[in-house]
Amino acid sequence: NKYTAGHVLVVGGSRGLTGAPSLTALAAMRADAGYVTVAAPESTLPVFEQRLLEAVKRPLPDSGGHVGEGAADAVLELAAKAHALALGPGLGRGGAAKELVRRLLAEVELPAVVDADALYELQPGEWPAPRVLTPHEGELARLLGVGSAEVSAHRLACVRDAAERFGSVVLLQGADTRVASPEGGVLVVAPGLPPAPTARPGGV
């Protein structure tokens, strides 16, 4: 039944940035998750109600359209019933968002995809479950403390470095998307295969 076919918890969204978590929830449903929950600031929920008929919506403490203090406790309660976590799309970068990301990565014992704003100022840590980081070149440059040109010129070396440094699978977006494991292996998705991620409607 829907409760045993996989429950994905999507945490993200803020005022003006509801598209990315909506696409994340749709992707989870298309991947045959039996149950998808979207946790977002309370004032943004009307948008999700219009775009996502099937997903369950849960309000998070709201501060001017962004997650507010206490959001981490609310998400931890929701995560107790989930099987996987998608964290970061449209989340924003305020103090409450940073605290939410820090606590969820440290305390949630679920596999998690860490995307977009959840990557901002992310620090390596001892995490209790597998994490998949999905940066583009600019985000990877910030994670490694180097310039974007360095990542662009040395994509293979940089994605390997990030995977080792963060102890996580790292998916470096691009026309030749590269997926590195902490053990050193790298999978290259060559041009001409599935389309590269975009910010446009219908993007992967």
Of the residues in the stretch 27-55, those that are closer than 17 Å to SER14 by Cα and either loosely packed, with under 15 Cβ neighbours inside 10 Å or of a type outside the set (A, V, I, L, M) (or both) number 10
Restricting the stretch 12-24 to residues that are outside any loop (DSSP other than H, G, I, E, B) and in contact (Cβ under 8 Å) with a residue 40 or more places away in the chain, the one surrounded by the fewest Cβ atoms within 10 Å (Cβ to Cβ) turns out to be GLY19
Flagged in the stretch 91-141 as in contact with a Pro (Cβ under 7 Å, 6 or more places away or on another chain) and either among the aliphatic types (A, V, I, L, M) or buried (at least 24 other Cβ atoms within 10 Å of the Cβ) (or both), in numbering order, are ASP115, ALA116, LEU119, ALA129
PRO128: passes all of (1) free of Cβ contacts under 8 Å to residues at least 24 places away in the same chain; (2) outside any loop (DSSP other than H, G, I, E, B); (3) of a type outside the set (A, V, I, L, M) but (2)
With the condition kept exactly as written, say whether any residue in the stretch 115-126 is in contact with a Leu (Cβ under 9 Å, 6 or more places away or on another chain), small (Gly, Ala, Ser) and closer than 22 Å to VAL67 by Cα.
yes
Within the stretch 74-90, restricting to residues that are aliphatic (A, V, I, L, M) and assigned to a loop (DSSP other than H, G, I, E, B), the one that is nearest to THR18 (Cα to Cα) is ALA82
The one condition ALA5 fails out of (1) touching a residue at least 60 places away in the same chain (Cβ under 8 Å); (2) part of a loop (DSSP other than H, G, I, E, B); (3) open to solvent by less than 70 Å² (accessible area, probe 1.4 Å) is (1)
Reported set for the stretch 68-81 where residues are over 15 Å from the mean Cα position of the chain (by Cα), open to solvent by less than 70 Å² (accessible area, probe 1.4 Å) and touching a residue at least 60 places away in the same chain (Cβ under 8 Å) is LEU78
**Prompt:** Going by the conditions given, is PRO46 free of Cβ contacts under 8 Å to residues at least 60 places away in the same chain and within 24 Å of ASP73 (Cβ to Cβ)?
**Reply:** yes
For GLY65, the lone unmet condition from (1) loosely packed, with under 15 Cβ neighbours inside 10 Å; (2) farther than 26 Å from PRO130 by Cβ is (1)
Residues of the stretch 31-53 being touching a strand residue (DSSP E or B) at 6+ places or on another chain (Cβ under 7 Å) and part of a helix (DSSP H, G or I), in sequence order, are GLU42, SER43, LEU45, PHE48, GLU49
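The values are calculated or read from the model by the stated rules, or taken from the named source; none is laboratory data. None of the values given here were measured: they were computed from a predicted structure. Note: ideal-geometry Cβ built from the backbone for every residue, glycine included; neighbour counts use all protein chains shown. Areas reflect the complete protein model, heavy atoms only, side chains present, ligands, DNA and RNA absent. Shrake-Rupley method; radii C 1.70, N 1.55, O 1.52, S 1.80 Å.
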